[in-house]
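What follows draws every value from the coordinates through simple rules; no lab data is involved. These numbers come from a predicted model, not from an experiment. All Cβ positions, even for glycine, are placed from backbone atoms using ideal geometry, and neighbour counts span all protein chains on display.
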């Protein structure tokens, strides 16, 4: 059902994707509360990346467990996200690491560009498309340029369109 929804939303259109973690990216982890609420400043940086990079979001965070794409979209939109959530990465893939889950998603969905925004570095061969955030600060304005550069980086020797 999710794959069908992805095809309906995206169709044959060229697509760039942001693989999004939440804790440590949009919800900085503070010493006093361990897991914080979504930070409006981090959401604004995500909005800038999505708009300037022409990208949609695929949620790769553990926040995807037990939530539909529609619920994730509503949760982020309620906090000021103006972009579009189109999918989540698969769960339960062999190896179980986030990089493997993202690689599995990419194998099923051709894209022109992508960036992984996460506070962990466990992305394997996908590391050249990774923007690592500091978990205590989350997504910062300085991360936007690096994320957009990764989105525009050619894949498999081809130049992204747009």
Got a sec? How would 65, 114 order by Cβ neighbour count within 10 Å, fewest to most? 65, 114
Radius of gyration and Dmax for region 20-139's Cα atoms, expressed in Å? 13.5, 41
Using the count of nearby Cβ atoms within 10 Å as a rough guide to exposure, how do 37, 119 rank from fewest to most? 37, 119
Plugging the Cβ-Cβ distance of residue 77 and residue 149 into 1/(1 + (r/R0)^6) at R0 = 22 Å yields, to the nearest 0.05, a FRET efficiency of 0.25
